[in-house]
2 protein chains.
Amino acid sequence: MLRATIHKFLGVALFLLATTSISTHAQTAAKSLAEKLGYARDAKLMIVHADDLGMTHSVNAASIKGLESGLVTSASIMVPCPWFPEMVDYAKTHTDADLGLHLTLTSERVFYRWGPVAPRDKVPSLVDSNGYFHLNWTETTHIDAREVELELRAQIERALAMGVRPTHLDSHQYRLFENGKDIFQSVQRLAHEYKLPVFMVRDWFAARPYLESSLSPDDLVVDHTVTIGSGVAPEKWADFYSTALKNLQPGVTVFIIHLAFDDDEMRAATRERDTWGAAWRQRDFNFFTSTEFRALVREQDIKLVTWRELAHAAK
Amino acid sequence: MLRATIHKFLGVALFLLATTSISTHAQTAAKSLAEKLGYARDAKLMIVHADDLGMTHSVNAASIKGLESGLVTSASIMVPCPWFPEMVDYAKTHTDADLGLHLTLTSERVFYRWGPVAPRDKVPSLVDSNGYFHLNWTETTHIDAREVELELRAQIERALAMGVRPTHLDSHQYRLFENGKDIFQSVQRLAHEYKLPVFMVRDWFAARPYLESSLSPDDLVVDHTVTIGSGVAPEKWADFYSTALKNLQPGVTVFIIHLAFDDDEMRAATRERDTWGAAWRQRDFNFFTSTEFRALVREQDIKLVTWRELAHAAK
């Protein structure tokens with residue numbers, strides 16, 4: 001199975017964003033997504049997408065603030081996590097919020113953990129000896145794609161049963177996209193069955209040909225994605241995002257961000273390492289709710305959009 | 001099945017504490033527990049026991065502070081809860097800490113939830129339609145005692161596998177004590193198998209005869225328990241505990257307390273009702289780490305003890 005670290009995977013995505021021009025559009029033959037949404041063909045559309053909702057209360061509270069600022073346009077929720085019910089309550093009382101499901105198969109923190117929604121004896125390849133999702137997937141972790149589909153279906157069904165009406169699907173830690181055709185096709189089957197778009201980026205196709213070959217002609221594909229990595233120094237956070245915004249290309253770009261407050265809960269939940277930790281997420285919150293970000297969106301003539309709008313336009 | 005609300009159950013316990021004199025001791029024929037520990041027969045022994053560790057980070061952090069003050073002598077951990085691994089880490093690095101397992105079959109909060117350790121299709125009577133433990137057990141909740149034993153065994157086994165060496169067992173929300181003989185006998189079988197004392201109070205026998213009839217002669221029984229209830233006004237918190245301490249009877253009394261900080265995480269986790277909420281737990285923390293409490297213990301000549309000491313003495 002083709003594997004890569006997330007860092008490497010993101011590196012490729014960022015490299016492609018920085019160096020390639022837009023050569024193809026799925027909508028070349030017909031109207032582009034931008035045109036279907038009433039914008040010019042070369043408009044710069046952006047989804048600002050907060051990941052990991054449901055993980056902790058801190059993530060929920062910061063992400064809700066981000067969504068309510070109007071600058072964060074979309075987010076996705078982790079169904080297996082203990083704070084999922086808090087986001088269910090929000091979703092049910094804020095039906096306009098653009099909330100998808102952040103399909104989750106790992107429990108990557110040390111002191112705060114979660115496990116599958118499906119009965120764990122039905123998904124043995126997904127859990128460690130204590131019954132939690134694996135901390136990580138390594139070369140020796142054998143993941144059974146049939147169990148992946150069973151667990152993802154259980155996550156979607158719990159969300160629907162509890163009253164969430166998701167606008168899209170994506171993948172925690174990109175696990176479902178970077179671990180081979182069988183796993184990705186499980187996601188695709190569910191996406192078609194539940195009629196939901198999956199976060200999929202044209203820039204990823206070169207490094208992962210099975211992604212493109214698994215798609216159906218009607219599947220929605222965005223052009224680019226941007227996410228910050230551990231190579232960026234904390235004091236360069238705003239510089240990284242400003243540069244990315246000033247170099248935004250025509251088409252649809254999804255910024256994947258991670259919001260939380262740098263508070264006791266979040267520091268404890270992530271204390272074993274700094275990457276995607278409490279301070280990291282506070283920096284993301286600070287930038288994406290800032291007047292600087294709001295001004296850049298206006299100056300660069302960037303159109304903020306949602307997954308709901310894209311899916312509606314793509315129909 | 002004989003049932004009662006927790007409030008009623010605690011009311012009976014507090015009434016008995018306030019009005020009865022000590023008429024019996026399990027150790028009447030031989031040395032009392034106090035004597036076995038080297039104290040006078042009429043010594044006042046007290047375990048100050050923090051419940052609900054593992055529930056949230058806030059509970060963990062406040063309870064650890066309480067334990068490290070020396071004034072909170074014991075605590076118990078909820079294995080199914082997401083912050084259990086944080087307490088595992090503490091238990092493994094603080095092997096002198098007197099930590100038991102707070103056996104848990106309910107997930108009583110609305111916005112923050114957990115489920116069984118056993119595969120949930122093996123314990124269908126314990127879970128709601130979304131796979132979480134029931135919010136509450138009502139007259140129409142049929143709980144299968146065989147599933148109780150399966151789930152409790154899974155909780156004990158996970159704790160042992162992760163490196164916790166529990167000193168005792170007790171029951172979240174008293175569910176295992178107040179819901180009939182079959183469920184209590186499940187706990188007793190596990191306690192004997194794993195050679196662990198169970199929190200059991202002589203004052204409870206009058207209202208729940210099946211408790212006494214299910215015990216073996218060697219089972220450890222404490223004399224009294226004190227826990228605060230929702231009838232106490234916040235400003236009367238210290239008064240309630242001071243009065244209880246000044247009226248402490250000879251024998252072993254277990255104070256059941258609930259520690260956490262009144263912070264964002266705890267407020268969000270308990271926001272649907274005030275009982276056992278964030279402010280409640282902060283009040284408990286404030287009292288049981290106060291100089292007032294320390295002075296009362298000294299003035300009243302109260303001996304602070306642990307479950308480990310009691311179990312060792314009872315052998």
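What to note about this one:
- Normalising the average separation of contacting C-alpha pairs (under 8 angstrom, six or more residues apart) by the number of residues puts the relative contact order of segment B:26-132 at 20 percent.
- Each of the peptides A:276-285, A:64-73 was scored by the mean count of other Cβ atoms within 10 Å over its residues; in descending order, highest first, they stand as A:276-285, A:64-73.
- Distribution of pairwise C-alpha distances over segment B:54-109, 10 Å bins, in %: 24, 60, 16, 1
- On association of chains B and A, roughly 2500 Å² of accessible area becomes buried (total for both chains; probe 1.4 Å).
- Here the relative contact order of segment A:158-290, from alpha carbon pairs under 8 Å that lie six or more residues apart, stands at 17 percent.
- Rounded accessible area per residue of segment B:60-180, 1.4 Å, Å²: 30 Å²
- For segment A:22-179, the Kirkwood estimate of the hydrodynamic radius, built from every pair of different alpha carbons, is 17.1 Å.
- Averaging Cα coordinates gives a centre for segment A:156-212 and one for segment B:170-245; these two points are 49 Å apart.
- Pairwise label distance in nanometres, A:Thr138 with A:Ala206, each label 7 Å out on the Cα-Cβ vector: 3.2 nm
- The Cα-based radius of gyration and maximum Cα-Cα distance (Dmax) for segment A:186-315 are 17.1, 47 Å.
- Taking 18 Å as the limit for the C-alpha separation, the pairs B:Lys36/B:Lys303; A:Lys36/A:Lys246; B:Lys31/B:Lys246; A:Lys195/A:Lys315; A:Lys122/A:Lys195 exceed it in the case of A:Lys36/A:Lys246; B:Lys31/B:Lys246; A:Lys122/A:Lys195.
- Kirkwood-type hydrodynamic radius, segment B:223-285: 12.6 Å, calculated from all non-identical alpha-carbon pairs.
- Pairs of C-alpha atoms in the protein assembly as shown farther apart than 49 Å represent 21 percent of all such pairs.
- Residues in segment B:69-91 that, when all protein chains are in place, have 10 Å² or more less accessible area than the chain alone would give (probe 1.4 Å): B:Pro82, B:Trp83, B:Pro85, B:Glu86, B:Asp89
- Peptide A:125-131 is shielded by partner chain Cβ atoms: per residue, an average of 3 of them sit within 10 Å of its Cβ.
- Intensity falloff of chain B expressed as log10 I(q)/I(0), Debye formula with alpha-carbon point scatterers, at q = 0.10, 0.12 Å⁻¹: -0.52, -0.78
- Lys/Arg +1, Asp/Glu -1 at C-beta; chain B dipole; positive extreme among B:Ala268, B:Ala244, B:Gly229: B:Ala244
- Within a Gaussian network of chain B (alpha carbon springs, distance under 10 Å), most fluctuating of B:Pro217, B:Pro250, B:Pro124: B:Pro217
- Column: log10 I(q)/I(0), Debye, Cα scatterers of segment A:149-229, q = 0.12, 0.21, 0.22 Å⁻¹: -0.35, -1.02, -1.11
- Rounded to the nearest 500, the 222 nm mean residue ellipticity of chain A from helices alone is -11500 deg cm²/dmol, with -39,500 (n - 2.57) taken per DSSP H run of at least 4 residues.
- Using 0.36 nm per residue and subtracting the Cα-Cα separation, the extra length available between A:Thr93 and A:Asp239 on full extension is 49.0 nm.
- Whole-angstrom gap from segment A:77-106 to segment B:87-154, using each part's C-alpha centre: 23 Å
- Summary value for chain B: 27 percent relative contact order, contacts being C-alpha pairs under 8 angstrom separated by 6+ residues.
- Averaged over the residues of peptide A:108-120, the number of Cβ atoms from other protein chains lying within 10 Å of each residue's Cβ is 5.
- Rg to Rh quotient for segment A:266-315, alpha carbon positions, Kirkwood Rh: 1.19
- Remark: mean inter-chain Cβ contacts per residue of B:253-264 equal 1, using a 10 Å Cβ-Cβ cutoff to other protein chain atoms.
- Eligible lysines near B:Lys65 by straight Cα distance, threshold 19 Å, same-chain separation 8 or greater: B:Lys92
- Taking chain B as a Gaussian network of alpha-carbon nodes connected by springs under 10 Å, the highest mean-square fluctuation of the residues B:Gly231, B:Gly54, B:Gly180 belongs to B:Gly231.
The values are calculated or read from the model by the stated rules, or taken from the named source; none is laboratory data. Note that this is a predicted model, so its numbers are computed, not measured. No Cβ is skipped: glycine too gets one built from the backbone with ideal geometry, and neighbour counts run over all protein chains shown. Quick note on the areas: whole protein, heavy atoms, side chains included, nothing else; ligands and nucleic acids left out. Shrake-Rupley method; radii C 1.70, N 1.55, O 1.52, S 1.80 Å.
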